[in-house]
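Chemist: Questions regarding the structure given below will be posed in turn.
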């Protein structure tokens, strides 16, 4: 393990360490950063990027210590070096751009005092005669990265935030975005992204300059133009060098020729955005392969490459990196809430995949038994908890797990409403084929740019439609959006479902619960997370209590919380099971929330039902969904507060023939074909298509 | 015999610690021979610092004023103290015209392992360019310091303009002598500036200052205090956190090892301890400056050396008295003799 330290303890020095760690990590080296050197006020983006590298040095078997920026060795860094109690066989290397011979001797001497032996000193001025950033502590820049296949070139535009204050800038960028010859992505320094969100150009694909590792940005780009006064800091310089190394075209459109003046293989481009489009379309893109070839052959690039730096350190790059990159798997990641509904939907799709054995899951522990029962491997993720010291602590852990688990270039299928940082970053950093299964019917307040901004990282978005057309709406547009029929558990076709659906009879249930079962009422009102349904459950228990031979089953997912009061009724029983469909199919009446899965299963399996929509602000628009069915006479909708109406409707269903009428209506209604198989085909197609 | 030539000292008077004490003692000693003009340089190394108090006191005693930043220093003999003060600049800021330039090398040119301690060539080069003199000498302050100069010259040929004085330009050690304790105990101490170079690895410190000692007093332990080091059996004091008399009253032995990558060029703190009646235990290179006055041991041997002397108070006393006698070789009178031998011809005194 290589421990990376920096001469100074500052935010800037920490970021330089992080960049160095990323670069060496990309080369396959095992690297770490002393967690105690992390700045206390590190922002969220940096926390995610730093997480894979932070470690307690006491836990590490260190093979080397690398101190960058050693031209300024702070007492804290020296004290840290002394505190590591390094073995005599652990080499310590100092790198820096030393102003003169005394500066190099001084650094060596200070380190020697605390180490008790001599460190290796590398003066970067000897390696890199004309760096992009002469004052940077970062030793190496260009880190080789496998090029990603793309059907259309991607052009990145790197801009300082202040340039967006000129209205003409965004107008020109907006025009560039409409050019069909390339895809456009902005990389914005400082508050650029926040500024962009406040404009009518918020739809433009954009990343913050420090949001992602430079190598990740480089892997997404074929060409990048740098505008503004200078390169824009270490991350942008690293991005430029990484792109050069990957054979991309780097266009220096800075005012002072900040890149080209160093001898770096950058094309001098127009500083005027209005001219950039033509320059790209007619000069750069038609010649980009030759530009890339010449760029990669540049002596400047060789002297600024991580490989050259490794040689100076006498560091062997580990092998085996490419082997991991070639493995192809499909990782389903159903999250949000407890994740059971999402996991169930993903399972239906996985079962339709041509090679289900190539599928694996990463899901919350609540979903593990259900997934593993289908014979699929599942990486447990950590659920959010109020006990965590910060709101995204669980997601940081999930990020580390996903990052470790997902092979570069493989496929990640996410099912959920909110794209967590862990998902977003893993897809980008591992160059994954991202697929988003995103059911619709969001509440109006949920449909906004911020929620959908991360759609940009998915190659394919699959929208499982609602059964009724008026409920289907597009929030975003593009060739990457595909609609499929409702995804749901299908009768007797899926593994395990035949037994589930077919085996449950009234006799089975009577024997199982020790009660007569001439009439079966099934209640599925949720796990209590979205809303407290105690009153409604109590009402249904009391109704069942008054009906001789009525068995009332309160069905919840395993692990759900149930109000203790419902355990006191004679005709009611709490059932913790995933076999909800089989119970519904056996029921005379189901009283259910109108979540996507339950709703469609009830309709497609012709179960007479009263829907009690969840109305929490973070849920989908269940009332619209429920009323779409009840308006067609295919179910009834009763709002949670309408308790008297509930009693009347239960009587109508069970005593007045309404259940039979609805069952008959469902049998004759034309519902769209389920989309399980279509979703699987779309995933498979995305695995072979370029972006 | 009274010198007929003029003597000028060139020094950055803000030099901290032992070097300023050494220069102050020299000025006081030389007052009996001839007047000395003291030129003050403002080097980048000590930017923002005040004149060292011990030097200021000596100048006041002698009624001398510092001559600040003279563009040219001209004298029959010019003594330049510590060329390392020039390491952060490219020009000394003064021109020197003299019959003999003596550069006193208070800092070792090489560290253990032969790594260069500072940019020696850069500093000597500055003096070369700034000086018009038929004779330029490097004056080592101790045998170890001398060896470093010779080794450096070996490795850096082409410095033919420089000679090395045949005798050491030692620090004057005129400290008042104290009698040794008649009943020494295993009370150990060390004092130094708090720099990292002054301290050996912690494992060595643990060997030298063990829990079974009756006292372990560490003066100048700023870095340990800052790091919150957990050694309940150590009494840690920051630099100047104790008056030296107070400190010496708390210990019967001075155990002094430094970072393996650094050596004292002279070791004034050890002279202070010997004068205070305390046996000094240190490594062979460091002890060499005192010609047998310091006891040589490895860290592993410290316990045995101390046990032997604690068990035999007479031996303890004899050792201290002998060590103090050897320290007399570093007296003011001895320095004056050595000075005249080295610099006499330049100032009209026959050697």
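Chemist: Could you check the spin-label model distance between residue A:397 and residue B:337? Points 7 Å from the Cα along Cα→Cβ, value in nm.
Modeler: Placing both labels 7 Å along Cα→Cβ, they lie 7.9 nm apart.
Chemist: Between region A:349-421 and region B:76-134, how many Å separate their Cα centres?
Modeler: 68 Å
Chemist: Separation of region A:619-691 and region A:186-235 by C-alpha centroid, Å?
Modeler: 44 Å
Chemist: Select from B:139, B:31, B:275 the residue whose mean-square fluctuation is largest in a Gaussian network model of chain B (Cα-Cα springs shorter than 10 Å).
Modeler: Of the options given, B:31 has the highest mean-square fluctuation.
Chemist: In region A:231-258, whose amide N lies under 17 Å from the spot 7 Å out along Cα-to-Cβ of residue A:72? List them in ranges.
Modeler: Label zone hits: A:233-235.
Chemist: Within 10 Å of each Cβ in peptide A:113-122, how many partner chain Cβ atoms are there on average? Round it to a whole number, please. It would help to have the intermediate numbers written out before the result.
Modeler: Numbers: counts 11, 7, 5, 8, 5, 7, 2, 0, 1, 0.
Counting Cβ atoms of other protein chains within 10 Å of each residue's Cβ and averaging gives 5.
Chemist: Follow-up question, since we're still on this one. For chain A, what does -39500 (n - 2.57) per DSSP helix run (n ≥ 4), summed and divided by total residues, give at 222 nm, in deg cm²/dmol to the nearest 500?
Modeler: Numbers: 28 runs with 252 residues, N = 691.
Taking each H run of at least 4 residues, the total per residue is -10500 deg cm²/dmol.
Chemist: Can you work out the FRET efficiency for the pair residue A:483 and residue A:302, with r the C-beta to C-beta distance and R0 = 56 Å, to the nearest 0.05? Spell out each step's value before the answer.
Modeler: Values: r = 50 Å, r/R0 = 0.89.
About 0.65, to the nearest 0.05.
Chemist: Hey, another quick one. Kindly rank A:73-80, A:368-375, A:471-478 from highest to lowest mean number of other beta carbons found within 10 Å of each residue.
Modeler: On the way: A:73-80: 18.1, A:368-375: 15.4, A:471-478: 13.0.
The densest-packed peptide leads the list: A:73-80, A:368-375, A:471-478.
Chemist: Can you classify region A:498-577 as rounded, prolate or oblate using the Cα gyration tensor, where a ≥ b ≥ c are the square roots of its eigenvalues, rounded means a/c under 1.5, and otherwise it's prolate if a/b beats b/c and oblate if not? It would help to have the intermediate numbers written out before the result.
Modeler: Working: a/c = 2.21, a/b = 1.25, b/c = 1.78.
Oblate, since a/c reaches 1.5 and b/c is not below a/b.
Chemist: Cut-off is 10 Å between beta-carbons; in what order do A:540, B:229 appear when sorted fewest neighbours first?
Modeler: B:229, A:540
Chemist: Related question: Per-residue Cβ counts within 10 Å, from other chains only, averaged over B:84-96: what number is that?
Modeler: For peptide B:84-96, the averaged partner shielding equals 1.
Chemist: For chain A, what does the relative contact order come out to in percent, with C-alpha contacts under 8 Å and a separation of six or more?
Modeler: Working: 1318 pairs, mean separation 60.8, N = 691.
Once divided by the residue count of chain A, the mean separation gives 9 percent.
Chemist: Here is a follow-up. At residue A:316 and residue B:95, where each label point lies 7 Å from the Cα along Cα→Cβ, what is the point-to-point distance in nanometres?
Modeler: Calculated label separation equals 6.1 nm.
Chemist: Right, something else. Could you tell me the calculated FRET efficiency between residue B:211 and residue B:315, based on Cβ-Cβ distance and R0 = 30 angstrom, to the nearest 0.05? Walk me through the intermediate numbers first.
Modeler: Working: r = 25 Å, r/R0 = 0.84.
So the FRET efficiency works out to roughly 0.75.
Chemist: Springs between alpha-carbon atoms under 10 Å, Gaussian network over chain B: tell me which of B:115, B:249, B:226 tops the mean-square fluctuations.
Modeler: In the Gaussian network model the winner is B:226.
Chemist: Of A:384, A:17, how do they rank once you tally other Cβ atoms within 10 Å and put the fewest first?
Modeler: Working: A:384 16, A:17 27.
Ascending Cβ contact count within 10 Å gives the list A:384, A:17.
Chemist: Which distance in Å, rounded to a whole number, links the C-alpha centroids of region B:286-304 and region B:183-200?
Modeler: 13 Å
Chemist: To test your reading of the geometry: what angle, between 0 and 90 degrees and rounded to tens, separates the Cα axis of helix A:393-405 from the longest principal axis of chain A?
Modeler: 70 degrees
Chemist: Moving on to the next point. When you have a sec, figure out the Kirkwood radius of region A:2-127 from all distinct Cα pair distances and drop it here in Å to one decimal? Don't skip to the end; give the middle numbers.
Modeler: Numbers: mean 1/r = 0.0685 Å⁻¹.
Kirkwood hydrodynamic radius for region A:2-127: 14.6 Å.
Chemist: What translational diffusion coefficient, to the nearest whole µm²/s, does chain B have by Stokes-Einstein, given a Kirkwood radius computed over alpha-carbon pairs, a temperature of 20 °C and 1.002 mPa s viscosity?
Modeler: Stokes-Einstein gives a translational diffusion coefficient of 101 µm²/s.
Chemist: Further question on the same structure: With a Förster radius of 45 Å, plug the Cβ-Cβ distance of residue A:126 and residue B:244 into 1/(1 + (r/R0)^6) and report the FRET value to the nearest 0.05.
Modeler: Numbers: r = 47 Å, r/R0 = 1.04.
The calculated FRET efficiency here is 0.45.
Chemist: Mean-square fluctuation check for chain B, GNM, Cα pairs under 10 Å: which of B:240, B:111, B:14 is largest?
Modeler: B:240
Chemist: Got a sec? How would A:482, B:192 order by Cβ neighbour count within 10 Å, fewest to most? Provide the component values of the computation, followed by the final result.
Modeler: Working: A:482 17, B:192 22.
Fewest to most other Cβ atoms nearby, the residues stand as A:482, B:192.
Chemist: If you split all Cα-Cα distances of chain A into 10 Å bins from zero, what percentages do you get per bin, shortest first?
Modeler: So the P(r) values, bin by bin, are 3, 14, 21, 21, 16, 12, 8, 5, 1, 0.
Chemist: What does the structure give for A:95-106 when I average, per residue, the other chain Cβ atoms found within 10 Å of the residue Cβ? Let's see the in-between values first.
Modeler: Values: counts 0, 0, 0, 0, 1, 5, 7, 12, 3, 2, 9, 5.
Counting Cβ atoms of other protein chains within 10 Å of each residue's Cβ and averaging gives 4.
Chemist: Restricting to Cα pairs below 8 Å that are 6+ residues apart, what does the relative contact order work out to for chain B? Please round to a whole percent.
Modeler: On the way: 698 pairs, mean separation 61.0, N = 351.
Normalised by residue count, the contact order of chain B is 17 percent.
Chemist: Kindly identify region B:48-87 as rounded, prolate or oblate by the Cα gyration tensor criterion: order the square roots of the eigenvalues as a ≥ b ≥ c, call it rounded if a/c is under 1.5, otherwise compare a/b with b/c, prolate if a/b is larger, else oblate.
Modeler: Working: a/c = 1.77, a/b = 1.19, b/c = 1.49.
Oblate is the answer for region B:48-87, as a/c is 1.5 or above yet b/c matches or exceeds a/b.
Every number here is computed from the coordinates shown, using simple stated rules; none is lab data. None of the values given here were measured: they were computed from a predicted structure. Glycine gets a Cβ as well: all are built from the backbone with ideal geometry, and neighbour counts include every protein chain shown.
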